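Chemist: Have a look at this one.
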Amino acid sequence: MTEQQTSYKQLADSLNSRGVDVEAVKSALKAQHIETPSWGYGDSGTRFKVFPWPGAARDVYEKLADAAFIHRLTGIAPSVALHIPWDKVEDWAVLKGYATQQGVQIGAINPNVFQDDVYKFGSVCHPDAAVRRRAVDHMLECVEIMKTSGSEVLSLWLADGTNYAGQDSIRKRKHRMEEALAEVYAALPSGSRLLIEYKFFEPAFYHTDLADWGMAATFARKLGPQAQVLVDTGHHAQGTNVEHIVAFLLDEGLLGGFHFNSRKYADDDLIVGTVNPFELFLIYNEIIEAEQDADATVSACAKNIAYMIDQSHNIEPKLEAMLQSVLNCQTAYAKALLVDREALAAQRADQDVLGAYRLLADAYETDVRPLLAQVRVEMGLHPDPIAAYHASDYPAKVTEERGSAEGSGGGYPGA
Ligand code: RM4
Ligand code: MN
Ligand code: MN
């Protein structure tokens with residue numbers, strides 16, 4: 001037996017004795033999907049500076065190739081979210097064909113209604129109907145792109161808001177948003193979904209039109225069953241209990257997807273699972289519990305979540321950062337799969353507060369590395385994707401081919 005096999009056997013024996021169905025856990029891990037964002041492969045940074053990364057993808061084709069590399073290393077990142085117009089192409093059938101040839105699919109389509117000059121005072125909430133029209137038309141164009149690219153998710157984040165009290169009527173802005181979203185919703189292809197992402201601040205700082213999960217859920221509910229809420233883990237105020245929001249939305253059948261990333265202070269877009277890995281574990285824990293719920297709406301919701309990463313790398317090597325992000329999601333999910341749910345139910349019934357906590361901690365503290373190595377071997381992958389990354393000639397090859405961008409700036413003049 002190799003060292004890898006020996007450590008897996010030891011772990012599997014101990015898990016079996018704890019009553020864990022190791023084969024079921026491995027199947028779940030093999031079926032896990034994490035979508036990576038095209039914008040995570042290109043140069044990005046902060047408003048102070050964008051540091052060019054040697055080898056960073058320069059167009060959507062290179063972004064898809066990079067995403068395919070991450071999928072080859074992990075086996076669980078088979079789709080790529082696109083941002084329009086950043087990733088816009090003339091011929092979507094050609095791009096779709098290229099993605100298939102690379103071994104990935106086109107995932108969520110993200111409209112961008114925050115970068116044109118006309119959006120200075122908002123997009124779908126703008127007081128001027130002509131600007132609102134333009135924003136809705138862009139979203140309808142994105143719906144057309146969904147049809148030609150095979151995407152089933154329209155992922156919407158709006159930068160709308162105001163900076164000063166009295167700047168605009170908050171309620172009128174809400175009405176304008178409702179009207180715009182209803183038009184986009186009506187155009188959705190059947191079977192597809194509109195995911196509504198909220199954020200409590202930035203770029204507007206006095207009020208944001210879609211500030212929190214409750215507002216997103218209200219809009220989604222008014223629109224209909226094809227609309228759901230997207231939780232970006234970095235879009236909450238300090239100290240917010242994100243897993244509570246996740247559980248609540250799951251229970252209402254309204255959780256549609258995630259943008260995973262880590263935050264320390266603001267919308268930091270750091271590598272997922274680096275700041276608070278326990279939170280990521282607890283999020284997965286709520287999802288697994290909901291998957292097993294007797295209520296069909298709740299379990300169907302939990303099984304149909306679009307898991308996506310939304311990160312903006314600043315100092316990190318792009319490919320290694322994305323790889324680490326996917327692996328951190330895998331680790332958190334693996335640990336959450338180990339929670340002894342029957343024992344947990346019993347502890348809860350007994351009001352054994354710390355017994356219940358310790359059951360979660362037991363799962364969280366389990367070293368799942370041998371289990372993940374085994375899963376990867378069974379999937380025909382290298383047991384250690386980080387080692388495979390360092391052994392691969394792909395990063396050096398793209399650095400050679402693409403070089404380093406020149407003159408990439410930052411938002412501040414002279415930055
Ligand atoms: C936002 C939000 C969106 C992303 C933009 C670029 O903060 O997270 O998902 O599309 O940034
Ligand atoms: Mn996001
Ligand atoms: Mn964000």
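The values are calculated or read from the model by the stated rules, or taken from the named source; none is laboratory data. Keep in mind that this is a model prediction, so the values were computed, not measured. What goes into the accessible areas is simple: the full protein's heavy atoms, side chains included, and nothing from ligands, DNA or RNA. Shrake-Rupley method; radii C 1.70, N 1.55, O 1.52, S 1.80 Å.
Chemist: Taking a probe of 1.4 angstrom, what is the accessible area of Val94 in Å², to the nearest 10?
Modeler: It works out to around 80 Å².
Chemist: Explain nothing, just compute: Karplus ³J(HN,Hα) = 6.51 cos²θ - 1.76 cosθ + 1.60, θ = phi - 60°, for every residue of the stretch 224-233 in order, whole Hz, x for Gly and Pro.
Modeler: Coupling constants for the stretch 224-233: x, x, 7, 10, 9, 9, 10, 9, 8, 4 Hz.
Chemist: Oh, and also: When a/c reaches 1.5 or more, the comparison of a/b and b/c decides; with that in mind, is the stretch 66-139 rounded, prolate or oblate per its Cα gyration tensor?
Modeler: Prolate shape, in that a/c is at least 1.5 and a/b is the bigger ratio.
Chemist: For the chain, modelled as a Gaussian network with Cα springs under 10 Å, which listed residue fluctuates most, Asp295, Asp384, Asp251?
Modeler: Of Asp295, Asp384, Asp251, the Gaussian network model singles out Asp295 as fluctuating most.
Chemist: Between Ala165 and Arg369, what length comes free when the chain is fully extended (0.36 nm per residue of separation minus the Cα-Cα distance, one decimal in nm)?
Modeler: Using 0.36 nm per residue and subtracting the Cα-Cα distance, I get 68.3 nm.
Chemist: Under a GNM of the chain (C-alpha, springs under 10 Å), which listed residue has the highest mean-square fluctuation: His313, His236, His207?
Modeler: In this elastic network of the chain, the residue with the biggest mean-square fluctuation among His313, His236, His207 is His207.
Chemist: Nearest 10 degrees, 0 to 90: what angle lies between the long axis of helix 60-74 and the longest principal axis of the chain (Cα atoms)?
Modeler: Long axis of 60-74 versus the principal axis of the chain: about 10 degrees.
Chemist: Through the Karplus equation 6.51 cos²θ - 1.76 cosθ + 1.60, θ set to phi - 60°, convert the phi angles of the stretch 294-299 into ³J(HN,Hα) values in whole Hz; use x for Gly and Pro.
Modeler: Going residue by residue, I get 5, 6, 4, 5, 5, 5 Hz, with x marking Gly and Pro.
Chemist: Right, here's the next one. Report, to the nearest 10°, how far helix 277-291 tilts away from the longest principal axis of the Cα atoms in the chain, using its own Cα long axis and a range of 0 to 90°.
Modeler: Taking Cα atoms only, the helix is inclined about 90 degrees.
Chemist: Taking the full set of protein chains and a 1.4 angstrom probe, give the accessible area of His71 in square angstrom, rounded to the nearest 10.
Modeler: Rounded to the nearest 10, that gives 40 Å².
Chemist: Counting only helical runs of four or more DSSP H residues, what would the 222 nm mean residue ellipticity of the chain come to if each run contributes -39,500 (n - 2.57) and the total is spread over all its residues?
Modeler: On the way: 16 runs with 201 residues, N = 415.
Helix contribution divided over all residues of the chain: -15000 deg cm²/dmol.
Chemist: Further question on the same structure: Under a GNM of the chain (C-alpha, springs under 10 Å), which listed residue has the highest mean-square fluctuation: Ile309, Ile386, Ile109?
Modeler: Top of the fluctuation ranking is Ile386.
Chemist: Additional query: How far, in nm, would the chain grow between Asn276 and Leu354 when pulled straight, counting 0.36 nm per residue and subtracting the alpha carbon separation?
Modeler: 26.0 nm
Chemist: Also: Filter Lys30/Lys222; Lys96/Lys120; Lys96/Lys303; Lys264/Lys303 down to the pairs with a C-alpha to C-alpha distance above 31 Å, please.
Modeler: Exceeds cut-off: Lys30/Lys222; Lys96/Lys120.
Chemist: Taking square-rooted eigenvalues a ≥ b ≥ c of the alpha carbon gyration tensor, is the stretch 323-415 rounded, prolate or oblate, where a/c under 1.5 means rounded and, failing that, a/b exceeding b/c means prolate?
Modeler: Judged from the Cα gyration tensor, the stretch 323-415 comes out oblate (a/c at least 1.5, b/c at or above a/b).
Chemist: Round to a whole number: what % of the accessible area of the stretch 34-173 belongs to carbon and sulfur, probe 1.4 Å? Intermediate values should be presented prior to the final figure.
Modeler: Working: 3160 of 5930 Å².
Looking at the stretch 34-173 in its full context, I get 53 percent from C and S.
Chemist: May I ask you to give the percent of accessible area on the stretch 190-334 that is carbon plus sulfur, with a probe radius of 1.4 Å?
Modeler: Of all accessible area on the stretch 190-334, carbon and sulfur atoms account for 54 percent.
Chemist: Then there's this: With no solvent and one point on each alpha carbon, what is the Debye value of log10 I(q)/I(0) for the chain at q = 0.07, 0.10 Å⁻¹?
Modeler: Once normalised to I(0) and log-transformed, intensities are -0.34, -0.71.
Chemist: Using alpha-carbon positions, what is the distance between the centroids of the stretch 64-110 and the stretch 127-198, in Å?
Modeler: Each part reduced to its Cα centre gives a spacing of 23 Å.
Chemist: What does the C-alpha gyration tensor say about the overall shape of the stretch 151-204? Classify as rounded when a/c is under 1.5, otherwise prolate if a/b is larger than b/c, or oblate. Present the calculation step by step, with values, prior to reporting the outcome.
Modeler: Values: a/c = 4.52, a/b = 1.88, b/c = 2.40.
Oblate, since a/c reaches 1.5 and b/c is not below a/b.
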